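Reading through the structure tokens given below for one structure.
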Amino acid sequence: MRDFAYHRAGSLDEARRLAALPAAALLAGGTTLIDLAKCGVAEPETVVDITRLPGLDTITVSEAGASIGALARMSRVAEHPGIKAQFPAVSEALLKGASAQLRNMATIGGNLLQRTRCAYFRDPAAFPACNKREPGSGCSAIGGVTRNHAILGTSEACIATYPGDLAAALVAFDAVVHIGERQVPIDDFFLLPGTTPDREHPLAPGEVITAVSLPASEAARRSTYLKVRDRQSYEFAAASAAVGIAFEADGRTIRDIRVALGGVATKPWRARAVEDALKGRPLEAEAVRQASRLAVEGAVAHGDNAYKIDLAPRVVARAILSLSETVGKNSGETA
Ligand code: FAD
Ligand code: SF4
């Protein structure tokens with residue numbers, strides 16, 4: 001780990017000014033930054049500690065929706081009664097991420113900006129070729145071990161998966177990222193790798209995420225997050241799905257449905273084709289299974305990760321059908 005200058009920002013303006021310095025990095029919970037500094041991927045010259053900035057850890061939930069401060073810790077957001085009631089998928093996604101200790105440290109802003117778990121990216125000494133780390137150096141993963149890599153949104157330059165759980169739930173429910181006065185819909189916040197996989201988001205040097213907001217919706221209220229992984233805890237998703245459903249008055253016909261995938265794409269992946277195929281139709285198991293296959297439209301496998309093309313639609317279908325079970329439980333109707 002290289003030496004760096006440490007500053008504790010006393011105000012948002014000071015944080016922005018210091019973060020605009022060359023090779024500066026913001027420090028929130030530190031669970032990504034310190035990790036990457038230790039393995040030689042992050043080499044900040046200036047670390048700007050924002051953990052004491054006032055007012056950035058507020059969580060408010062009303063009938064209109066939620067606003068979550070960028071410094072709110074994962075565990076606090078997950079356990080917030082309003083979030084659990086209005087956005088169960090968000091709470092579940094947070095609780096299925098990392099470990100209890102990490103969730104107590106990690107913040108919502110830092111969570112969004114976590115980096116890929118591509119093993120080649122995280123080992124610069126052994127694998128100098130990585131377009132995400134060193135633009136133009138090549139990609140060590142293509143042709144290598146790719147079990148955890150992406151099948152959607154990839155490019156010839158990079159096939160790394162976006163690993164976060166929370167972001168999939170935020171994408172499903174149309175969250176907005178607040179960067180001071182600037183607001184960016186979350187789907188636009190995460191960039192596809194294309195020819196510039198080193199650019200993962202639209203933040204300019206010195207910009208600080210201040211909050212994430214979520215509009216309330218019936219689909220968000222009846223939502224869940226299903227995560228399939230190699231072991232049941234402390235593991236990233238092999239494939240995951242955030243889904244939410246609203247029904248017509250008959251309790252069977254789908255009025256609104258949201259589907260987003262995690263663990264299979266280079267960014268949190270909204271599966272609009274699945275949503276379009278199911279809207280207006282009764283919730284029936286076979287129709288759900290058929291529609292869920294559209295989640296991997298355009299998928300490209302790279303060797304070891306081909307299993308995700310089968311797995312992801314199953315995860316989507318299981319998640320949707322698990323919500324139909326709650327309809328039966330709550331209303332006495334069958335799906
Ligand atoms: P930091 O490390 O402080 O910051 C991360 C990045 O964001 C840095 O580049 C920093 O400069 C920048 N940043 C932070 N705050 C802001 C801001 N407000 N504005 C602009 N830039 C900012 N995540 C999952 O989703 N699922 C998992 O299963 C999972 N498992 C994990 C297992 C391990 C062992 C570890 C170490 C992490 C795991 N994670 C998992 C990732 C974890 O969720 C993130 O490390 C954490 O959320 C990052 O938050 P932080 O506050 O610690 O970020
Ligand atoms: Fe780097 Fe992306 Fe290739 Fe991984 S997949 S080695 S992050 S360029």
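So that you can scan it fast, the table gives a plain yes or no per residue for (1) within 11 Å of ligand 1 (Cβ to nearest atom); (2) free of Cβ contacts under 8 Å to residues at least 24 places away in the same chain; (3) among the small types (Gly, Ala, Ser):
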site	(1), (2), (3)
SER11	no, no, yes
LEU18	no, no, no
ALA24	yes, no, yes
LEU33	yes, no, no
GLY40	no, no, yes
GLY65	no, no, yes
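Restricting to strands (runs of 3 or more DSSP E) lying wholly in the range 1-93: which have 2 or more residues that are within 23 Å of the chain's Cα centre (by Cα)?
Here the list reads 24-27, 59-62, 65-69.
Looking at (1) within 16 Å of ligand 2 (Cβ to nearest atom); (2) touching a helix residue (DSSP H, G or I) at 6+ places or on another chain (Cβ under 7 Å); (3) over 25 Å from ALA23 (Cα atoms), can you tell me which one VAL176 breaks?
Unmet for VAL176, out of (1) within 16 Å of ligand 2 (Cβ to nearest atom); (2) touching a helix residue (DSSP H, G or I) at 6+ places or on another chain (Cβ under 7 Å); (3) over 25 Å from ALA23 (Cα atoms): (1).
Within the range 247-255, can one find any residue that is in a loop (DSSP other than H, G, I, E, B) and of a type in the set (Val, Ile, Thr)? Don't jump to the end; show me each part of the working.
Taking the range 247-255 as the starting set, the residues that turn out to be in a loop (DSSP other than H, G, I, E, B) are 248-252.
If we keep only those that are of a type in the set (Val, Ile, Thr) as well, we get none.
Checked the range 247-255: no residue is in a loop (DSSP other than H, G, I, E, B) and of a type in the set (Val, Ile, Thr).
Being in contact with a Phe, Trp or Tyr (Cβ under 7 Å, 6 or more places away or on another chain) and either closer than 30 Å to GLY280 by Cβ or away from ligand 1 (no atom under 11 Å from the Cβ) (or both) is the filter here, so list the residues in the range 229-240 that pass it. Steps first, answer last, please.
Step one: filter the range 229-240 for residues in contact with a Phe, Trp or Tyr (Cβ under 7 Å, 6 or more places away or on another chain), giving 229, 240.
Of everything in the range 229-240, just one residue is in contact with a Phe, Trp or Tyr (Cβ under 7 Å, 6 or more places away or on another chain) and either closer than 30 Å to GLY280 by Cβ or away from ligand 1 (no atom under 11 Å from the Cβ) (or both), namely SER240.
Output the number of residues of the range 179-194 satisfying the condition of being open to solvent by 40 Å² or more (accessible area, probe 1.4 Å) and either touching a Ser or Thr at 6+ places or on another chain (Cβ under 7 Å) or within 11 Å of ligand 2 (Cβ to nearest atom) (or both).
Of the residues in the range 179-194, 1 are open to solvent by 40 Å² or more (accessible area, probe 1.4 Å) and either touching a Ser or Thr at 6+ places or on another chain (Cβ under 7 Å) or within 11 Å of ligand 2 (Cβ to nearest atom) (or both).
Might you check whether a residue that is in a strand (DSSP E or B) and in contact with a strand residue (DSSP E or B) (Cβ under 6 Å, 6 or more places away or on another chain) occurs anywhere in the range 281-303?
yes
From the list ARG115, ARG133, ARG122, which one is touching a Leu at 6+ places or on another chain (Cβ under 7 Å), open to solvent by 30 Å² or more (accessible area, probe 1.4 Å) and either farther than 19 Å from GLY69 by Cβ or among the small types (Gly, Ala, Ser) (or both)?
On the way: ARG133 fails: touching a Leu at 6+ places or on another chain (Cβ under 7 Å); ARG122 fails: touching a Leu at 6+ places or on another chain (Cβ under 7 Å).
Step by step, each of ARG115, ARG133, ARG122 is checked, and only ARG115 is touching a Leu at 6+ places or on another chain (Cβ under 7 Å), open to solvent by 30 Å² or more (accessible area, probe 1.4 Å) and either farther than 19 Å from GLY69 by Cβ or among the small types (Gly, Ala, Ser) (or both).
Report the residue count in the range 271-286 for those that are open to solvent by less than 10 Å² (accessible area, probe 1.4 Å) and aliphatic (A, V, I, L, M).
Summing the residues that are open to solvent by less than 10 Å² (accessible area, probe 1.4 Å) and aliphatic (A, V, I, L, M) in the range 271-286 gives 4.
Would you be able to tell me the number of residues in the range 97-112 that are open to solvent by 60 Å² or more (accessible area, probe 1.4 Å) and among the basic types (Lys, Arg)?
Of the residues in the range 97-112, 0 are open to solvent by 60 Å² or more (accessible area, probe 1.4 Å) and among the basic types (Lys, Arg).
Of the conditions (1) away from ligand 1 (no atom under 16 Å from the Cβ); (2) assigned to a loop (DSSP other than H, G, I, E, B); (3) of a type in the set (A, V, I, L, M), ALA119 satisfies every one except a single condition; which number is it?
(1)
Note down all Cβ pairs under 9 Å where the first residue falls in the range 228-251 and is on the phi > 0 side of the Ramachandran plot, the second is open to solvent by less than 80 Å² (accessible area, probe 1.4 Å) and more than 16 Å from ligand 2 (Cβ to nearest atom), and they're at least six residues apart or on different chains.
Cβ pairs passing all conditions: TYR234/ALA98; TYR234/SER99; TYR234/LEU102; GLY251/VAL327; GLY251/SER331; GLY251/GLU333; GLY251/ALA335.
Which condition from (1) open to solvent by 10 Å² or more (accessible area, probe 1.4 Å); (2) more than 10 Å from ligand 2 (Cβ to nearest atom); (3) polar (S, T, N, Q) is the one that SER91 breaks?
It is condition (1) that SER91 fails.
Which count do you get for residues in the range 136-167 that are among the polar types (S, T, N, Q) and open to solvent by less than 20 Å² (accessible area, probe 1.4 Å)?
Of the residues in the range 136-167, 2 are among the polar types (S, T, N, Q) and open to solvent by less than 20 Å² (accessible area, probe 1.4 Å).
Quick check: is even one residue across the range 33-40 closer than 21 Å to GLY180 by Cα and either open to solvent by less than 50 Å² (accessible area, probe 1.4 Å) or not basic (Lys, Arg) (or both)?
Checking the range 33-40: not a single residue is closer than 21 Å to GLY180 by Cα and either open to solvent by less than 50 Å² (accessible area, probe 1.4 Å) or not basic (Lys, Arg) (or both).
If you scan the range 304-335, which residues turn out to be among the hydrophobic types (A, V, I, L, M, F, W, C), within 17 Å of ILE254 (Cα to Cα) and either outside any loop (DSSP other than H, G, I, E, B) or at pLDDT 95 or above (or both)?
First pass over the range 304-335, keeping only residues among the hydrophobic types (A, V, I, L, M, F, W, C): 306, 309, 311-312, 315-317, 319-321, 323, 327, 335.
If we keep only those that are within 17 Å of ILE254 (Cα to Cα) too, we end up with 316-317, 319-321, 323, 327, 335.
Of everything in the range 304-335, those that are among the hydrophobic types (A, V, I, L, M, F, W, C), within 17 Å of ILE254 (Cα to Cα) and either outside any loop (DSSP other than H, G, I, E, B) or at pLDDT 95 or above (or both) turn out to be VAL316, ALA317, ALA319, ILE320, LEU321, LEU323, VAL327.
The values are calculated or read from the model by the stated rules, or taken from the named source; none is laboratory data. Bear in mind the structure is a predicted one, so any value in this text is a computation, not a measurement. Because the Cβ atoms are built from the backbone with ideal geometry, glycine has one as well, and the counts that use them run over all protein chains shown. Remember, those area values only see protein heavy atoms, side chains included, never the ligands or the DNA or RNA. Shrake-Rupley method; radii C 1.70, N 1.55, O 1.52, S 1.80 Å.
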